[in-house]
């Protein structure tokens, strides 16, 4: 008893504290390949001590571990039993940097090189290092860094590789830097606040290390998660880490998770984690893609894996039900992060609905036209890199908010380039439109022809959506009860600043003038009936080059010239040829005679919208036959039609009724 009191008295002196510090350093330093520093010790007794600081550096003088004040308490009886059983451990400001060299060796193995094989025989007396357990651990303001070699994608060569390196070295969302021997990527956890109920570093009766977490707060840099109120357990064996987190909070989310993280074998860190988000805020996961919305949220299951290409981490969302920007999205999808471009794959989504506010957010900015409304339907897509995105089937209905009642229904499949969504590019993209209300196009583009009605059909699209090429088109246009226009062919549509450009090579079978006249009321088209033949259109609405030969019940006529169909002035300038032309049938007027006209005319017609109706009435009231030259119009000459007939033959087969 007297000896114990004497020892305690000595330990409380500066001499005793220095002796204890030197004793600990003398026992530990030989096992450290580098530098060990233990700071001032206070409060030293048989049952505890406070250490001012600890620092361990590697052989290259790089910092491995540093701490602020350490407070530790123990039961001296456990020390007598050669058990390192700590009843309470508190560490302030610990800093740990784990680094893997380009040669594949971890720095902690350099700092603590393995000793000779343990030759202890069964039943031999154990040492202090064989049993290390803490009943209660508190960590304040901790920092942990893990650095590993980084290399650009193996598929990149030359300038592409240099560009990838330069981009990654300047990224703000990753910590990648150049070192003397190559490149290094660092993962960082800051602001660590930990309360652990039980920690096991060594126990001859148990396998691996165990950390029970009563509460953990930490700010993770990559991916950027700010964890709070984390509870659960972590077990580490060799190069594997098992996690069972029963609860965690993010700034706007809550959930739980489990899984495994493992490393070694000179391979990147592998992940197999499953996180159940009971309540997920999109502001917590917006880092996955720059244009993901940051408002709203919902529930989902997140699986994190890297299976094939270990450099690419898959974030798979399933059981997803998310609401944002007046939209609701359900289903599953996977983001692949770490490759040259983002991968989006394995989509099975339901838009219930998706408002164009969400589409604009994903696109990263406004579209050239003011789309408003809801998309309703489903998308199945194997996906892939966003510049080679494969859609297996999309079934979408668009309800136009700009034009109430205007609805478009379509299905689609094929490949897209959506690397920059506002410049989406089609690559053999098959579209099947069940219904396209032309009022939508008219609202979006004031210079779109004022043609009403519904377009339906199929086509394969290529090129940029603002300059789209289509092939194998099979389209119909209907408006009212009349026979619809049916056309097949190929073409190109270019959206310009003012006018849309057309380059179309179609075969009409038929072209219904009756339906067109009903759908295009501003033109007051006098022709009626359905006619078949090729139709070539090039130019913009105010200056269209049209070449066609059409045959129908009123005969055959050809036109080769230009047409101005832009309100408020209209015009036609070209050559009109006709064969067996029956004016009575062509104009569907019982007041006209039955004719069989052959000839050719140089057509020069100009009109404004105010006088076009008068022109149409006068044309439909032409008397017995076309004279060689005809002029009609209002006194101001707003409408002028000069028809020069060459070698025309006018034959009336019957009298007018």
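Read the figures in this text as sums done on the coordinates, not as results from a lab. Remember, predicted model here, so these are calculated numbers, not experimental data. Every residue, glycine among them, receives a Cβ derived from its backbone with ideal geometry; neighbour counts consider all protein chains shown.
Find, to one decimal place in angstroms, the Kirkwood hydrodynamic radius of the stretch 247-356, where the mean of 1/r is taken over every pair of different Cα atoms and then inverted.
Working: mean 1/r = 0.0679 Å⁻¹.
Evaluated on the stretch 247-356, it is 14.7 Å.
How large is Rg over Rh for the stretch 413-453, taking Rg from the Cα atoms and Rh as the Kirkwood inverse mean of 1/r across Cα pairs? Before the final figure, lay out the partial values.
Working: Rg = 13.5 Å, Rh = 12.4 Å.
Value, to two decimals: 1.09.
Hey, how much of the P(r) for the stretch 201-285 falls beyond 16 Å, as a percent of Cα pairs? The partial results should precede the final answer.
Details: 2128 of 3570 pairs.
The calculated P(r) of the stretch 201-285 puts 60 percent of pairs beyond 16 Å.
Just how far, in whole angstrom, is the stretch 213-235 from the stretch 388-424 if you go by their alpha carbon centroids?
About 40 Å separates the Cα centre of the stretch 388-424 from the one of the stretch 213-235.
Cβ neighbours within 10 Å, averaged per peptide: list 404-411, 165-172, 237-244 in order, most packed at the top. It would help to have the intermediate numbers written out before the result.
Numbers: 404-411: 16.2, 165-172: 11.4, 237-244: 14.5.
For the peptides 404-411, 165-172, 237-244, the packing ranking is 404-411, 237-244, 165-172.
Rounded, prolate or oblate: which fits the stretch 281-436 when a ≥ b ≥ c are the square roots of the eigenvalues of the alpha-carbon gyration tensor, with rounded for a/c under 1.5 and prolate only if a/b beats b/c?
prolate
Across the Cα atoms of the stretch 188-234, what radius of gyration and what greatest pairwise Cα-Cα distance (Dmax) are found, in Å?
12.6, 38
Find how much the distance from residue 291 to residue 413 grows on full extension, using 0.36 nm per residue of separation minus their present alpha carbon separation; answer in nm with one decimal.
Numbers: separation 122, 0.36 × 122 = 43.92 nm, distance 2.40 nm.
This chain segment gains 41.5 nm when fully extended.
Find the all-direction average of the projected area of the Cα convex hull for the stretch 342-426, expressing the result in square nanometres with one decimal place. Could the numbers behind the result be given before it?
Numbers: hull surface 21.0 nm².
Mean shadow area of the hull around the Cα atoms is 5.2 nm².
Would you mind listing how long the stretch 268-319 runs along its three principal axes, going by Cα atoms, in whole Å with the largest first?
33, 23, 14
How many percent of the alpha carbon pairs in the stretch 417-552 exceed a separation of 17 Å?
Working: 5893 of 9180 pairs.
I get 64 percent for the Cα pairs in the stretch 417-552 exceeding 17 Å.
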